[in-house]
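What follows is calculated from the coordinates using simple rules that are stated; it is not laboratory data. Values in this document were obtained by computation on a predicted structure and should not be read as measured data. Reconstructed Cβ throughout: ideal geometry from the backbone, glycine too, with neighbour counts over all protein chains shown.
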């Protein structure tokens, strides 16, 4: 049976244990961050930033000191009860990208707990913080790449849009650092702001869909001519050819330009000709994506299918992923099954 934590002296014991393990937590945090960033990139998903941290000692001390309604310690088992000793945030531009990022990571880590803050707000009929929180654990038998030394480690990932993040950060500063934070007019203003942010997130998604639809109508492939191959031009083409797939991060389209050029595709018109009649559903079926991948990922898989092992040889060193060859060969086997 785990020893229960009592206030004061036992909290100090927990703090000494935390400091003794601090370097371990830092190393695990970096490994988890690298694995998550690599997975989001591999899937061609669009996001603003991934933040990562080990819990601040002052924050941990305050958390350990919390008590329940009966005055007993809330975290009776000390550090064993703290699931966010390592915390990360995946911040996206669109709500749809939040869902895709969550789906991507649930395939790599064991899910211990999931909290949908927006669903909680809707159930209460109120407005407020609307992020998604998932407590993960590194699988002991099949850890994510780069995480094998930290199997069993728990960590929390918060998924938010950039607007939800701005609201939450400001609200946190006022609630926990400001004065008079319980005044009715302050609470009402935060409620109003959270409702407006939910509306803005919805409109951002509508704008994204409208822009994609307009791009299809304008037929950028017909305008490609012999224009220079650029990331921006590729994004327009892919908005037309695969509008049902989400956009990737802006810098990934520049990487896709390098992949195409490594295979002799050097103009926008050549790219348009190559990509205009692809059977994207066939690619998706053979790879068996768990969700719709971003533009760049599915094109990378199509090019791999198109040129096979030659593509592996020509692009294994494009970018900074030291495991790219291994990943390509794994995906090629799936495409050839």
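In Å³ and rounded to a whole number, note down the convex hull volume per residue for the Cα atoms of segment 39-188.
Dividing the Cα hull volume of segment 39-188 by its residue count gives 149 Å³.
For the chain, set up a Gaussian network in which alpha carbons nearer than 10 Å are linked by springs, and say which option among 19, 85, 102 fluctuates the most.
Residue with maximal mean-square fluctuation among 19, 85, 102: 19.
Kirkwood Rh and Cα-based Rg: tell me the resulting Rg over Rh for segment 219-336, rounded to two decimals.
For segment 219-336, the value is 0.93.
Using the alpha-carbon centroid of each, what span in Å lies between segment 140-173 and segment 288-337?
Computed from Cα coordinates, the inter-centre distance equals 27 Å.
Please rank 176, 25, fewest neighbouring Cβ atoms within 10 Å first, as an exposure proxy.
Ordered by Cβ neighbours within 10 Å, fewest first: 176, 25.
For segment 249-318, just the Cα atoms, rotate onto the principal axes and tell me the three extents in Å, largest first.
Projected onto the principal axes, the Cα atoms of segment 249-318 cover 30, 24, 24 Å.
For each of 256, 88, count neighbouring Cβ atoms within 10 Å of the residue's Cβ, then give the residues from fewest to most.
With the sparsest Cβ surroundings first, the list reads 88, 256.
Write down Rg/Rh for the chain, rounded to two decimals, with Rg from the C-alpha atoms and Rh from the Kirkwood relation over Cα pairs.
1.04
Zone of residue 99 (label point 7 Å along Cα→Cβ, backbone N under 19 Å): which residues in segment 279-318?
289-295
Please work out how much length the chain gains when fully extended from residue 21 to residue 173, using 0.36 nm per residue of separation minus the C-alpha to C-alpha distance, in nm with one decimal.
51.8 nm
Can you tell me what share of the DSSP beta bridges in the chain is antiparallel? A percent to the nearest 5 is fine.
75
Pull up the DSSP beta bridges for segment 9-199 and report the antiparallel fraction as a percent, rounded to 5.
Among the beta bridges of segment 9-199, antiparallel pairing accounts for roughly 75 percent.
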